[in-house]
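Trainee: Dropping a structure here in structure tokens format, bear with me for questions.
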Amino acid sequence: MIRLRTMARLSVIAGALALLTASATFPLRADDETLQISSRLIPNFRVGSDQTRFGDFEFIGGLELSSPSAALGAMSGIRLSADRNRFLGVMDTGFWYAGRFERGPDGKLIGIADFTVSPILDAEGESSEEKWRVDAEGLAVRGEEVLVSFERRSRVDVYPANAPGSSRPTGSLPLQIPLKELRNNRGLEAIMVAPEASALAGEVVVVSEKSLNASGDIYAAVLTGPSKGVFFVKRHPPYDVTDGDFLPNGDLLLLERRFSIAEGIGMRIRRIDGSRLVPGNLVDGPVLLEADFGEQIDNMEGLDVSTDEAGQTFVTLVSDDNHSILQRNLVLEFRYLGDAE
């Protein structure tokens, strides 16, 4: 746990509205403090191989992040700006993080700059050291709002996008899922906003990590709009949901993780038909990518889908190191080719 006294010198994140637009400008307050971040390039996804194509995904580079500051770590969700150069995220220890990707002439990641952190404030304008109060697992952008899903004290809080780091939530979204069905430390994990051109047309969707019904399927819900209500995602043990985002056509990519002492850690990405996300449905879909320690992964917690000016689709992943010296802070980037061929 990062103590608030460690973070007191870190000021609020400002200018997040600029982060979420096509503008490359992201004004930081003069008193914002930038963490020193060191980046080690990850040129290959598969260890010992120069293979770049993995099913529908093309690996285009990654970074392993480190810092002398204890503030770096626990990254559980991320969203990129429209120009794909800026990012905003949440840590499951109750903090915002934001920064800028440095890219080479070919667009590949080469580093991170302007990395800032600030506590997430609650409805009373207070931060907390108690993780059960501030276990932020996912975030999504809806117009001029940033939505944050919290796992243990289950809720979806709404923050103004122009200054989330200095603001208390302006409200919360009704969860649709009964609170008694959200398991402790297995609750709301992923939150996404559907593309306007899709069947859900800008509505908010959440998926829990491992809150299961009597059939062993995962609780999920559409939180807003005429289709709001509970649906279920088929669970395939030992995988559990850690994040998700929508493809431009409205289908949903779910990031999932497994862990055991015997087999170590693994991750996969599953694609769900977006037209099936309606109350009462049980949804499932094909696995598009699966990886273990034969690839450059760790505790993969965050997934974002973005597009460039040419209409190419990219998937960015981040890992949560749990502030452990045995784990790594990773950023991995793929070009998604599934709808381009």
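The values are calculated or read from the model by the stated rules, or taken from the named source; none is laboratory data. Computed from a predicted structure; not experimentally measured. Reconstructed Cβ throughout: ideal geometry from the backbone, glycine too, with neighbour counts over all protein chains shown.
For (1) in contact with a strand residue (DSSP E or B) (Cβ under 6 Å, 6 or more places away or on another chain); (2) of a type in the set (G, A, S); (3) modelled with pLDDT of 95 or more, each residue gets a yes or a no:
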| residue | (1), (2), (3) |
| --- | --- |
| F231 | yes, no, yes |
| T242 | yes, no, yes |
| F259 | yes, no, no |
| I265 | yes, no, no |
| G274 | yes, yes, yes |
| E290 | yes, no, yes |
| I297 | yes, no, yes |
| L303 | yes, no, yes |
| F314 | yes, no, yes |
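Trainee: If I ask for residues that are modelled with pLDDT of 95 or more and of a type outside the set (S, T, Y), which ones from segment 210-225 would you list?
Mentor: L212, N213, A214, G216, D217, I218, A220, A221, V222, L223, G225
Trainee: Can you pull out every residue in segment 121-131 that is over 12 Å from R155 (Cβ atoms) and either surrounded by 15 or more Cβ atoms within 10 Å (Cβ to Cβ) or touching a residue at least 12 places away in the same chain (Cβ under 8 Å) (or both)?
Mentor: Matches in segment 121-131: L121, E124, G125, S127, S128, E129, K131.
Trainee: For the subset of segment 44-74 comprising residues that are assigned to a loop (DSSP other than H, G, I, E, B) and of a type in the set (S, T, Y), which member is surrounded by the most Cβ atoms within 10 Å (Cβ to Cβ)? Break it down stepwise before answering.
Mentor: Within segment 44-74, the subset assigned to a loop (DSSP other than H, G, I, E, B) is 44-45, 47-52, 55-56, 67-74.
After this cut, where a residue has to be of a type in the set (S, T, Y) as well, the list is 49, 52, 67, 69.
Working: S49: 10, T52: 16, S67: 15, S69: 18.
Among those that are assigned to a loop (DSSP other than H, G, I, E, B) and of a type in the set (S, T, Y), it is S69.
Trainee: I'd like the residue in segment 188-219 that is in a loop (DSSP other than H, G, I, E, B) and touching a helix residue (DSSP H, G or I) at 6+ places or on another chain (Cβ under 9 Å) and, out of all such residues, is nearest to D157 (Cα to Cα). Steps first, answer last, please.
Mentor: Of all residues in segment 188-219, those in a loop (DSSP other than H, G, I, E, B) come to 194-203, 213-217.
Filter once more, so that each one left must be touching a helix residue (DSSP H, G or I) at 6+ places or on another chain (Cβ under 9 Å): 194-195, 198-200, 213.
On the way: A194: 18, P195: 20, S198: 24, A199: 24, L200: 21, N213: 25 Å.
By that ranking, first place goes to A194.
Trainee: Take the residues in segment 222-255 that are closer than 12 Å to L200 by Cα and in contact with a Lys or Arg (Cβ under 9 Å, 6 or more places away or on another chain), then tell me which one is surrounded by the fewest Cβ atoms within 10 Å (Cβ to Cβ).
Mentor: My answer is T224.
Trainee: Can you go through A262, A291 and tell me which one is surrounded by fewer than 14 Cβ atoms within 10 Å (Cβ to Cβ) and either more than 21 Å from the chain's Cα centre (by Cα) or within 22 Å of D56 (Cα to Cα) (or both)?
Mentor: Testing whether each residue is surrounded by fewer than 14 Cβ atoms within 10 Å (Cβ to Cβ) and either more than 21 Å from the chain's Cα centre (by Cα) or within 22 Å of D56 (Cα to Cα) (or both) leaves just A262.
Trainee: Further question: Under 7 Å between Cβ atoms, which residue pairs at least 6 apart in sequence (or on different chains) link something in segment 234-253 that is free of Cβ contacts under 8 Å to residues at least 60 places away in the same chain and under 14 Å from G285 (Cβ atoms) with a partner that is of a type in the set (D, E) and in a loop (DSSP other than H, G, I, E, B)?
Mentor: K234/D217; K234/D284; R235/D217; D251/D273
Trainee: Of all residues being of a type in the set (A, V, I, L, M, F, W, C), touching a helix residue (DSSP H, G or I) at 6+ places or on another chain (Cβ under 7 Å) and at pLDDT below 90 in segment 118-173, which is farthest from L188 (Cα to Cα)? Just the residue, please.
Mentor: My answer is A163.
Trainee: Among strands (runs of 3 or more DSSP E) lying entirely in segment 111-176, which contain 2 or more residues that are farther than 25 Å from E333 by Cβ? Explain how you work it out, then say what you get.
Mentor: Values: elements: 136-142, 145-150, 155-160.
Those strands (runs of 3 or more DSSP E) span 145-150, 155-160.
Trainee: Let me ask something additional. Looking at this structure, is F314 over 24 Å from T93 (Cβ atoms) and in contact (Cβ under 8 Å) with a residue 40 or more places away in the chain? Steps first, please.
Mentor: Details: over 24 Å from T93 (Cβ atoms): yes; in contact (Cβ under 8 Å) with a residue 40 or more places away in the chain: yes.
Considered against the rule, which asks whether it is over 24 Å from T93 (Cβ atoms) and in contact (Cβ under 8 Å) with a residue 40 or more places away in the chain, F314 comes out as yes.
Trainee: Of a type in the set (D, E, K, R), part of a loop (DSSP other than H, G, I, E, B) and in contact (Cβ under 8 Å) with a residue 24 or more places away in the chain: does that describe D298?
Mentor: In short, yes.
Trainee: Go through (1) assigned to a strand (DSSP E or B); (2) more than 24 Å from A197 (Cβ to Cβ); (3) without any contact (Cβ under 8 Å) to a residue 24 or more places away in the chain one by one and return the number of the condition R270 breaks.
Mentor: (2)
Trainee: Is at least one residue of segment 58-72 β-branched (V, I, T), out of contact with any Gly (no Cβ under 6 Å at 6 or more places or on another chain) and modelled with pLDDT of 95 or more? So that I can check it myself, show each step before the final result.
Mentor: Keep residues of segment 58-72 that are β-branched (V, I, T), which gives 60.
Going one step further and asking which of them are out of contact with any Gly (no Cβ under 6 Å at 6 or more places or on another chain), we end up with 60.
The next check asks that each one be modelled with pLDDT of 95 or more; those that pass are 60.
The answer is yes, given that some residue of segment 58-72 is β-branched (V, I, T), out of contact with any Gly (no Cβ under 6 Å at 6 or more places or on another chain) and modelled with pLDDT of 95 or more.
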